[in-house]
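Colleague: Before I ask anything, here is the structure I am working with.
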Amino acid sequence: MSALYINKQTEAEKDDFLFECFHDTGVLDELASSSYTILTGRKGSGKTAAARYLEKNTKKYSIDFAYRLSVRNFNTVTETSEKDKLASLLSYIAIKSAQKMLNTNYLDKAGLKFWKDFLLQNGLQQLSDYETYAISRKTNKKKFSIKAVASYLIAKGEANAGTEHESVKERTTISDSPSALYDALKQTVNKDKEIIILIDDLSDYLDESDEKALQEDINIIKDLLLSLQTYNLAFREEGVKIRFVSLVRADLFSYMSGSNINKLVSDSLELQWDEKSFSSLLIKRMPYFASDLDHHLKDPVQSLKDRFPDEIFADYLKDFTTNRYESNFYAYMAAISFNRPRDFLQFCYAMRNRLSLKHPATFENINSAEIEYTDYFIQELRDELYIASRVFHYDLSEERLNQLIELLSQRNGFNAPQLRSDLGKFLGTKTSIGKKKIEILLSELWRYGVVGVTEDKDKIIRFKYLSDTATFTPEMIKKYTFYLHRGLWWFTRKKKHSREG
């Protein structure tokens, strides 16, 4: 028996232990009781896991119905205008949501007939995924058949408002637009039901966007989020309790253009992790605690310390100069990771056969797990930086990223002129000529936690993924000393020593 409930594939879609070991940081309670339309967080922070858990545990959060809708590969349908891509995405989300709610009591009686007729007339009864839908619509090049739309909406509109001035022709024209489909949802959803549709994977496949189209695809996501905000507001004003919540990488807002970005950021609920959440997650993943789980979760930090004693991390933490917490284990994990559940679980996977079911962990357990974990961590960093490297035209392939980390590990602390000079050499540009490009790269390294900073008065290194207290402006950059991510620095040093030894 393994000392941990964990498998190699720690992605939420493939996690065999997700539902029995899920830990809610509080984000689902807040999401369910609020009006947020965006759930955001760093890649690997648990957005999909939260969506899957809510989908299966609606009653726990006083929700009647939740549905995780995966929208994959919207950017692979080419030769389509930005406007048409947006309309196609919005239509698919509305139609797929209605399809999922058929044969339930989440649509009113007339609405059930309307959507069944609509899907039948348009050959959408077996609607599977977005890519298939988009290609089909593009190939057929025909508008929706709207007989059901016209007959239903006109009848309901006349009953509610007593208006007869709009012709069937006028109604059928607007019924081919996404707004008509959302209006149909607004009229057909049972008002007594609390419904959340969670739109996932929107930003997960931008790696596959053509480089020339990448910025366009990011802006399509922006326009989609703004459109769904508008529809959500219309639902709320009519007392209809259906809400579309999009799951989006937090860094994506920085690559969007336009005047409405703050509107999206303020409507975002961010998924974050702290020591108590970290400890609770790991306790649920360890069979050792299963016999008295509720007791151990009352004080998860202390319970975890019993299994991972502070003393086994004492020598490690002397070199890290980072935050101290209640437990040395969390201080260590915060230092060698990006403080995300995916990192925690991957490190646990590396320890799976190295822990005893009866005895506390030892230095040897941790030391041997690091070797396996390091390869995962470097690859994760490459994946996270991939969008930035394409937006700003940097070559950050795996080989180049390793070169960058090697460069940043040469000193345990750079002042701004030193770092700018070294980054200029790395980019192959002189500081005076490529100053802007160097500044952007430095900002991205800060954003993703590759570098942290200190001022003279600081006793610890501040990293963005652990603290937002550092102000990253050109004026402040001059005052900072920069440090490579402590885990990357530590792993690089260990590799050097092993090669030399």
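Colleague: Are any residues in the stretch 225-241 over 25 Å from the mean Cα position of the chain (by Cα) and either in contact (Cβ under 8 Å) with a residue 24 or more places away in the chain or open to solvent by less than 30 Å² (accessible area, probe 1.4 Å) (or both), and if so, which ones?
Modeller: If the condition is that a residue be over 25 Å from the mean Cα position of the chain (by Cα) and either in contact (Cβ under 8 Å) with a residue 24 or more places away in the chain or open to solvent by less than 30 Å² (accessible area, probe 1.4 Å) (or both), then Ala234, Phe235, Arg236, Glu238, Gly239, Val240 are the ones that fit.
Colleague: Right, something else. Among what's in the stretch 310-340 and is touching a Leu at 6+ places or on another chain (Cβ under 7 Å) and open to solvent by 10 Å² or more (accessible area, probe 1.4 Å), pick the residue that is nearest to Ser277 (Cα to Cα). Give the steps one after another, and end with the answer.
Modeller: Going through the stretch 310-340, the residues touching a Leu at 6+ places or on another chain (Cβ under 7 Å) turn out to be 323, 327-329, 331-332, 334, 339.
Now narrow it down to the ones that are open to solvent by 10 Å² or more (accessible area, probe 1.4 Å): 323, 328, 339.
Numbers: Asn323: 17, Asn328: 15, Asn339: 11 Å.
Step by step, filter the stretch 310-340, then rank; the result is Asn339.
Colleague: Please go through the stretch 258-291 and give me each residue that is open to solvent by less than 40 Å² (accessible area, probe 1.4 Å), small (Gly, Ala, Ser) and over 24 Å from Leu4 (Cβ atoms), ordered by number. First the steps, then the outcome.
Modeller: Within the stretch 258-291, the first condition is being open to solvent by less than 40 Å² (accessible area, probe 1.4 Å), and the residues that meet it are 261, 264, 267-269, 271, 273, 275, 277-283, 285-287, 289.
Narrowing further to those that are small (Gly, Ala, Ser): 268, 277, 279-280.
Listed by number, the list holds a single entry, Ser268.
Colleague: Further question on the same structure: Quickly run through the stretch 280-326 and pick out the residues that are β-branched (Val, Ile, Thr) and more than 30 Å from Arg411 (Cβ to Cβ).
Modeller: Quick first cut of the stretch 280-326, residues β-branched (Val, Ile, Thr) only: 283, 301, 312, 321-322.
Passing the criteria: Ile283, Val301.
Colleague: Of the residues Leu396, Leu442, only one is surrounded by 14 or more Cβ atoms within 10 Å (Cβ to Cβ), in contact (Cβ under 8 Å) with a residue 12 or more places away in the chain and not in a helix (DSSP H, G or I); which? Spell out the reasoning first.
Modeller: On the way: Leu442 fails: not in a helix (DSSP H, G or I).
Among Leu396, Leu442, only Leu396 is surrounded by 14 or more Cβ atoms within 10 Å (Cβ to Cβ), in contact (Cβ under 8 Å) with a residue 12 or more places away in the chain and not in a helix (DSSP H, G or I).
Colleague: Determine whether Gly424 is touching a residue at least 24 places away in the same chain (Cβ under 8 Å), in a helix (DSSP H, G or I), small (Gly, Ala, Ser) and open to solvent by less than 10 Å² (accessible area, probe 1.4 Å). Lay out the reasoning, then the answer.
Modeller: Values: touching a residue at least 24 places away in the same chain (Cβ under 8 Å): no; in a helix (DSSP H, G or I): yes; small (Gly, Ala, Ser): yes; open to solvent by less than 10 Å² (accessible area, probe 1.4 Å): yes.
Considered against the rule, which asks whether it is touching a residue at least 24 places away in the same chain (Cβ under 8 Å), in a helix (DSSP H, G or I), small (Gly, Ala, Ser) and open to solvent by less than 10 Å² (accessible area, probe 1.4 Å), Gly424 comes out as no.
Colleague: Next up: Give me the pairs, please: first residue somewhere in the stretch 108-122 and part of a helix (DSSP H, G or I), second residue anywhere and open to solvent by 50 Å² or more (accessible area, probe 1.4 Å), beta-carbon distance under 8 Å, and either six or more positions apart or on two chains.
Modeller: Ala110/Lys156; Leu112/Asn103; Asp117/Lys147; Leu119/Gln125; Gln121/Lys147
The values are calculated or read from the model by the stated rules, or taken from the named source; none is laboratory data. Small disclaimer: the values here were computed from a predicted structure and weren't measured. Cβ: placed from backbone, ideal geometry, glycine included. Neighbour counts: every protein chain shown. Accessible surface areas use protein heavy atoms only, side chains included; no ligands, DNA or RNA. Shrake-Rupley method; radii C 1.70, N 1.55, O 1.52, S 1.80 Å.
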